[in-house]
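Written out below as structure tokens is the structure these notes cover.
The values are calculated or read from the model by the stated rules, or taken from the named source; none is laboratory data. Quick caveat, the model's predicted, so the values are computed rather than measured. Cβ placement follows ideal geometry from the backbone for every residue including glycine, while neighbour counts extend to all protein chains displayed. For the accessible areas, the whole protein counts, side chains as well, though only heavy atoms, and no ligand, DNA or RNA atoms are used. Shrake-Rupley method; radii C 1.70, N 1.55, O 1.52, S 1.80 Å.
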Amino acid sequence: MTEITRDNAAWDAAVLTANGHLLQSWTWGEFKSEFGWDVQRVAVESDGRTAVAQILFRSRGPVSVGYIPRGPAIPDDDADLATALIKQIDQACKKRRALYTIFESDREMPFQGNFKQHGFVLGPDHVQPARTVKVPLGTDEQILAGMRQNTRYSVRLATRRGVSIKQPGDPWSVQDFYRLLEETSDRNSFGIHSAAYYARFLTLFGDSAYCGFAESDGNLAAGLIAASFGSESIYMYGASSTEHRQHGAAFLLQFSAMQWARERQAACYDLWGIPKDDPTTTSDSGDSIAGTRGDDWRGLYRFKTGFGGEIVSYPPVLERRYSQLGSYIARRMIRQQRGDS
């Protein structure tokens, strides 16, 4: 099915019909292709149903590693269609001299039997978050009612304290978002991309992207970038000021992004990532632990789960190995690319 792999509208329609994820969308592939990834799309059809997979490749010399983020997209959990699609994926990966390909699916693969019987082995740790929080988008009152009391209080406090939500250009810009992101990265010890990366994301996703700022007392307090695909909107990138993030600014900004997502006809808002396991959020003495730093996501966990919704766990990462001898090399390649996926 070469036609669908060359037609962005047809591709996205197939992904959405299979309830596929934004990271399998045409625009995401175009976006990643501008930042070091080679993209190949494969598709199979049977009885009017289409299964697709967007594969990202990283090359090192004559070999490569394949990566399928939050995919493939297979309608109706069709095992036969999945088997046919995997054959196409194998062919594409072997042509690229892939040492192996990682499947980081957003749902269980529709296997008949276990994954080993289908040529898979357990893969490395998740590249994308292993768990997330998804908030259903009803009316404002319904969204607020689903929040924990402290979160709902913070949203309302921000409104009372005069926190306002702005868009790029009135007066804040994407460059302001990046400066705020640099500050957040230094404070919380995590890696970020270049400024061009976030600017290009907003350009490519266009009206399907949201960039918002929370302003407190004339100061930039928080920034957020989200994107919408089908019935789901996703919180992609966020940042906050160390000095001006009081008054519940980040809480109101998330609420504003949920309102935007609802206007885009999204049914849920994905807060993107929480720790794989529930962390301890209080110390032995009972004092609250609020920090988020490096791999310590306790503060992030408390912030995101405060919006209510459902905690969703993703299945284990699987991989298909095409070269046992090159497995160690391939794993090193993947580890080097974490944070740019």
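Candidates are the residues of the stretch 211-249 that are closer than 21 Å to residue 192 by Cβ, in contact with a Lys or Arg (Cβ under 9 Å, 6 or more places away or on another chain) and hydroxyl-bearing (Ser, Thr, Tyr); the one that is modelled with the highest pLDDT is 235.
Filtering 138, 113 for residues that are small (Gly, Ala, Ser), out of contact with any Asp or Glu (no Cβ under 7 Å at 6 or more places or on another chain) and open to solvent by less than 40 Å² (accessible area, probe 1.4 Å) leaves a single hit, 138.
With respect to residue 108, determine if the residue is among the acidic types (Asp, Glu) and open to solvent by less than 30 Å² (accessible area, probe 1.4 Å). Here the answer is no, as residue 108 does not meet what is asked.
Would you call residue 206 at pLDDT 95 or above and not in a helix (DSSP H, G or I)? No, not satisfied. Of the residues making up the stretch 13-25, those that are assigned to a helix (DSSP H, G or I) and surrounded by fewer than 19 Cβ atoms within 10 Å (Cβ to Cβ) number 3. Within the stretch 201-218, not a single residue is within 16 Å of residue 300 (Cβ to Cβ) and open to solvent by less than 10 Å² (accessible area, probe 1.4 Å). Residue 189 meets the stated requirement of being in contact (Cβ under 8 Å) with a residue 24 or more places away in the chain and over 19 Å from residue 172 (Cβ atoms). Checked against (1) modelled with pLDDT of 95 or more; (2) closer than 25 Å to residue 123 by Cα; (3) crowded, with 17+ Cβ neighbours inside 10 Å, residue 63 passes all but a single condition, namely (1).
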